[in-house]
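Working notes, beginning with the structure itself.
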Amino acid sequence: MFPIGDENDHAGIAFVTIGLIVANVLAFLNEINRPEDAVQAFIFAWGVVPREFSVGTDLPPLIPFPYWSTLVTSMFLHGGWGHLGGNMLFLWIFGDNIEHRLGHLRFVLFYFVCGFAASLAHILFNSGSNIPAVGASGAISGVLGGYLLMFPRNRVYVMTWGGVMAVPAIFMLGLWIVMQLISGVGSISVTAKNAGGGVAYMAHIGGFAAGLILAPLFARGRPTAMTRPRQYDRWS
């Protein structure tokens, strides 16, 4: 099932969601606008390298900032157009609801804290790895966790082999996290044997868990519904 939209009765423009999408696209264009060998060096320098955190020093110091600054920079880099497009699609569909529920400033903080939690989960389960991890997937997983908690009854429109259908958010996102859990358990043993890159499933799980835990805290004191003014029929 491929999500293409959701129920959204919120008023106003999701400035933060749009801004994050624009920032990710611009960062990716900057990333790929260099020779192939330079792209690899760029990702290694600005991505999260778990071993740097486990030993507490840069290996080697490729950027003029502390190694922990990659917790931020890695969230704006991606491994390809498909990686970027999938992440931005999920952020576009689910991010605006969370932004309107939390408010713009709280949503910024929520997004980045979930991203940090995702990276830390990845580091914890891959502490000896020298492979850089990049992508907004962890932060967006936090958005999905918050969405599941706040809008479980919303319908998500998905593309299937039989056409477009609407499914409850709790089903769509519940299926997603189960797939991440299954893949994450398998990836732990695979990572130990294979030095190659892949999907950071533990980052997805960590981000999703952070979203579930933090969403109620960030939503405290905020209205439970912010909808557009009711539209009346012309003859009413």
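Available extension along the chain between Phe15 and Leu89 is 25.1 nm, counting 0.36 nm per residue and deducting the alpha carbon span. Listing Glu99, Glu36, Glu31 from fewest to most neighbouring C-beta atoms within 10 Å gives Glu36, Glu31, Glu99. On the beta carbon distance between Met159 and Leu26, with R0 = 35 Å, the FRET formula returns roughly 0.80.
Between Ser69 and Asn8, full extension at 0.36 nm per residue minus the direct alpha carbon distance yields a gain of 18.5 nm.
Values quoted throughout were computed directly from the atomic coordinates according to the rules given, and no laboratory measurement underlies them. Since the model is a prediction, treat every value here as computed from it, not as a measurement. Reconstructed Cβ throughout: ideal geometry from the backbone, glycine too, with neighbour counts over all protein chains shown.
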